[in-house]
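The values are calculated or read from the model by the stated rules, or taken from the named source; none is laboratory data. Given the structure is predicted, the values throughout are model-derived calculations rather than measurements. Note that each Cβ is placed from the backbone with ideal geometry, even for glycine, and that neighbours are counted across all protein chains shown.
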Amino acid sequence: MRRSAGVFVIISVLVTILWGCGSDADEEAAAEAAKAYLAHFYEVTDYPPSTVDASSLQERQAQLQPYATEEWLESLLANRVLGLPFMIAQREQAAVSAQDIQLSHSSEDEDVIAYTYRMKVMLRDDAKEMTSIPVEGSITLAKTNGTWKVNNDINRNRNDLLALTTGS
């Protein structure tokens, strides 16, 4: 009887340890996916010389596919949010990138993890002068076929970024 109780305790401890390690690995994988999505979303190395066309948006959509759900990508395209970094780059005549991406875990379910984030959207012109725009938001990832992908991104500074596209 004592022996079976000891075995039960050992098995319980091992299951708890393994379950906890899986959770940490999931959170780390989700955080990496969120950072990669944000970095790729804002990256524009060569600003477009003219208007942003459908082919460049489709190319950006394909670049983000490993990091975002199909539904989220379709929403970005339909709402024209996908072109925002291109429009900023064009208007400012500058390369655009996301820097110093910081995530704070805000909630977690079995297949959904949410973070709040802070980062800087950096603009660098040909003279190598830098401009920094602070950006904050919330990002949610869903586990899809064993992979963490962004399924929502609420940028609280979107109006500040949109103002850059109009020169306001």
In the stretch 127-148, residues that are among the basic types (Lys, Arg) and either in a strand (DSSP E or B) or at pLDDT 95 or above (or both) total 1
Within the stretch 149-168, restricting to residues that are among the polar types (S, T, N, Q) and part of a strand (DSSP E or B), the one that is modelled with the lowest pLDDT is ASN155
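Yes/no per residue for (1) out of contact with any helix residue (DSSP H, G or I) (no Cβ under 8 Å at 6 or more places or on another chain); (2) of a type outside the set (Phe, Trp, Tyr):
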{"residue": "ALA39", "(1), (2)": "yes, yes"}
{"residue": "VAL44", "(1), (2)": "no, yes"}
{"residue": "SER56", "(1), (2)": "no, yes"}
{"residue": "GLU59", "(1), (2)": "yes, yes"}
{"residue": "LEU64", "(1), (2)": "no, yes"}
{"residue": "TYR67", "(1), (2)": "no, no"}
{"residue": "LEU82", "(1), (2)": "no, yes"}
{"residue": "PRO85", "(1), (2)": "no, yes"}
{"residue": "ALA89", "(1), (2)": "yes, yes"}
